[in-house]
Amino acid sequence: MGKRPQRRPHIPQRTCVACHTVQPKRELVRIVRTPEGTVVVDETWKRSGRGAYLCRQRNCWEMTLARRQLEHALKVKLTPESEAQLREYADGLPELLAAEPQEGADTARGGSR
């Protein structure tokens, strides 16, 4: 009997609420509406409640807060306190990921291989 080919492990995918890019779950930040109705950042990905995911880029956070997309995804009205906490968390994130400008530069020069 021949060997079975190795199966690649399943990597859960999630979609960013703001930019709609699909990425592995662990590369995104989970925001959760807890059963008590509060909205918090869930860095463990294990808190119970309704969740939404955002990229680790400040522009996605600013866009989703300005457009109220997070409120729609979590089906809750953000309190001024929870919105302030989310903005404070976003302030610690980079504007853009470092890999994004490089990818565009490579394809513009015809660097696809």
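Every read-out reported here was derived from the displayed coordinates using simple, explicitly stated rules and does not represent laboratory data. Owing to the predicted nature of the structure, the values given are computational and were not obtained by experimental measurement. Note that each Cβ is placed from the backbone with ideal geometry, even for glycine, and that neighbours are counted across all protein chains shown.
Compute the convex hull volume of the Cα atoms of the range 13-94, divide it by the residue count, and report the result per residue in Å³ as a whole number. Don't skip to the answer; put the middle values down first.
Details: hull volume 6.7 nm³, N = 82.
About 82 Å³ per residue, rounded to a whole number.
What ranking do 58-71, 7-20 get when scored by the average of other Cβ atoms within 10 Å per residue, highest first? Mind dumping the intermediate values first?
Numbers: 58-71: 17.4, 7-20: 12.6.
Packing order, densest peptide first, comes out as 58-71, 7-20.
What is the calculated FRET efficiency for ARG26 to ALA66, with r their C-beta to C-beta distance and R₀ = 22 Å, to the nearest 0.05?
0.25
In nm, to one decimal, how far is the modelled label at LEU96 from the one at LYS75, with both set 7 Å along Cα→Cβ?
3.7
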